Structure formats: structure tokens, C-alpha cells
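Following: one structure in C-alpha cells, then a few remarks.
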Amino acid sequence: MSYGKIVSKLRKNKNYSLENACRNTMTKSFLSKYEREKVNISVTKFFKLLDNLNVEYDEIDYIKNGYRLSSKRRVEERIITAFQKIDLEELEKLNRELIQELETTEDIFFLHNHLLVYSLICRVKNEKIDEEKVLPIKYYLFNTQYWGYYELRLFTNMMFIYDLETLEFLIEKALKEVYLYRDLNANQDDLARMLINMVLCCFDQHNNRKAQKYLKTIESIGVKETAFFEKVTIEFLNGILLIKNGHKTSGEEKCLFSLEVFKRLGMKEYASYYKNYLEQV
């Protein structure tokens, strides 16, 4: 379905007249032709039209995709879900699909996400990541001046491929970019996940002092009350820090409590993943 036909459907469902819909944007006859796919309109007029209809672009794009996320967004969601469930079979299946899409389309999106899935597979298998293989993502993030949501998500998920010095340089850039999105609902969740991954990277590179610094940063910024996963993970990481700083009993208590909460929230895969993490500390 074209955007013009979607606009027509939404306008009629909302009982908006042609006059109200095209207010300060275009003539009624022109809007009527657009809805019937006789003419096209500029991007500026399109967004003014959506504003007149009190419709967000994400909503109309969602309708255009058959009331589904875009194909690329579905790929990203599948990757997140597979890793959250520690589903190695699904990750390997995704990797094969992404390689095939890359060969067919040469779209850089599929290259980046193939390398992301490859890296996640290495993490699940506890195998070393081939530094040469992931260089395209390193170059891409270094050379991209402005980071939008796509780059921020990519960086958050690929932080563990960097050494700590480089990571600290990049996270300062990332935090500035995230701040630009501070009024969007997802911002706090994205920021919390980024800092959680930073703490994990600090632990992986045996720098407890830096891990403590970023845990304090999370505390100062705050986490949404509804962000249960992030809150439990932060509690677990504080427990790990206590253990690493010589307070084994109190640290283990925090960690075990967090694992139990993960189970009660139905996140058994995460409980298992972090239980293994705890056993290796």
C-alpha cells in the first residue's frame, strides 16, 4: 500500500476532512490526487500532512510494512532475542542468512550485522574474536562523524571488540550522541545498556577501578523504574565488583539474589549465563 492510500485511510478513519488534513500544506484537490496516487509530494509537505493528521512517521511506516517492523528492524530484533536466550542455533542460522543477504545486496547493514552475530557467537562459545575480521565495524564507527540510533546500537553491541583505552574515547562520543536523544522514551534504556556493557568490558580487561566508575555513572544518571532487566543486571555487577574487591560473601549474596530475580522474571537463559559468569570470577 502506498503512503498516499495510507494517508487517505487514516484521514477517513479519523473523520478528518480534506480541508483539515491539508491545512497550510496543499490544496484540497492536490491532496485528493495524492491520495489517489495521481501526484507525489515533497518530504516537507509529507511531514506537515502527518502533523495535521496527528500521525507519527513510525506509525505510518509500520502500517506500510503490513503492521510489522521493517525487515531490517526485524533482523535486529531477532539478533537481540537470540543472544538474550543464548540461542546458539538461532545465531548461527542468522549468520548464514546475513551472509547470503550481503552477497545478494552488498548492503553494509548486512555486513555489520553479520560481524555482530559472528562476535556474539564467539562470546557464547567463549572463543577469541578475530580482530582482522571485525575491522570494518571499527573503521565505520571511527569514520562516522554523526552517530544516529543505528550507530549507537551497533557500538553498544560491539563494545567488547575494543581495548579499554579506545573504548573510553568512543564512549565519550557515544554519551554525547545519546544525550541528543534524551527526550525519546528509549533513551534511558539504551544508555543503561551501553554503560552495563562498558562495566562488563572493564571487568573483562581486569580494570575494577574503571568498572566502579561506570557503575557510579549509571547510578548518577538513573534507570527507569520499569527497566527491570537493567536494574537486576546492575545489582549483579555491583556484586561482582564486591567480590573482585575482596568482599566475597556480600558480593555473592548480591549476585545470587540477582540470579533468583532473573529466574522469577522468566529470564532463565540470562540467569544461566550470569551464573556461569559468576563461577568464572
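The values are calculated or read from the model by the stated rules, or taken from the named source; none is laboratory data. Being a predicted model, the structure only gives us computed values, none of them experimental. Cβ placement follows ideal geometry from the backbone for every residue including glycine, while neighbour counts extend to all protein chains displayed. The accessibility values were calculated without ligands, DNA or RNA, using every heavy atom of the protein model including side chains. Shrake-Rupley method; radii C 1.70, N 1.55, O 1.52, S 1.80 Å.
Using the structure shown, decide if ARG153 is basic (Lys, Arg) and more than 30 Å from SER8 (Cβ to Cβ).
Yes; evaluated as a whole, the condition is true for this residue.
Could you pull out the residue among LEU102, LEU120, LEU98, LEU94 that is surrounded by 12 or more Cβ atoms within 10 Å (Cβ to Cβ), of a type outside the set (Lys, Arg) and touching a residue at least 40 places away in the same chain (Cβ under 8 Å)? Walk me through it before giving the result.
Details: LEU102 fails: touching a residue at least 40 places away in the same chain (Cβ under 8 Å); LEU98 fails: touching a residue at least 40 places away in the same chain (Cβ under 8 Å); LEU94 fails: touching a residue at least 40 places away in the same chain (Cβ under 8 Å).
So the residue among LEU102, LEU120, LEU98, LEU94 that is surrounded by 12 or more Cβ atoms within 10 Å (Cβ to Cβ), of a type outside the set (Lys, Arg) and touching a residue at least 40 places away in the same chain (Cβ under 8 Å) is LEU120.
Taking (1) modelled with pLDDT under 90; (2) under 30 Å from LYS5 (Cα atoms) in turn, LYS72 satisfies each apart from (1). Criterion applied to ASP51, ASP58 was being farther than 28 Å from LEU102 by Cα and open to solvent by 80 Å² or more (accessible area, probe 1.4 Å), and the one residue passing it is ASP51.
Within region 120-136, the set of residues being part of a helix (DSSP H, G or I) and either more than 17 Å from the chain's Cα centre (by Cα) or at pLDDT 95 or above (or both) comprises ILE121, CYS122, ARG123, VAL124, LYS125, LEU135, PRO136. Within region 144-165, the set of residues being under 16 Å from GLU77 (Cα atoms) and among the aliphatic types (A, V, I, L, M) comprises LEU152, LEU154, MET158. Can you confirm whether LYS216 is part of a helix (DSSP H, G or I), under 30 Å from TYR179 (Cα atoms) and open to solvent by 80 Å² or more (accessible area, probe 1.4 Å)? Answer is yes for this residue. GLU77 versus (1) crowded, with 16+ Cβ neighbours inside 10 Å; (2) touching a Leu at 6+ places or on another chain (Cβ under 9 Å): which is the lone unmet condition? Result: GLU77 passes all but (1).
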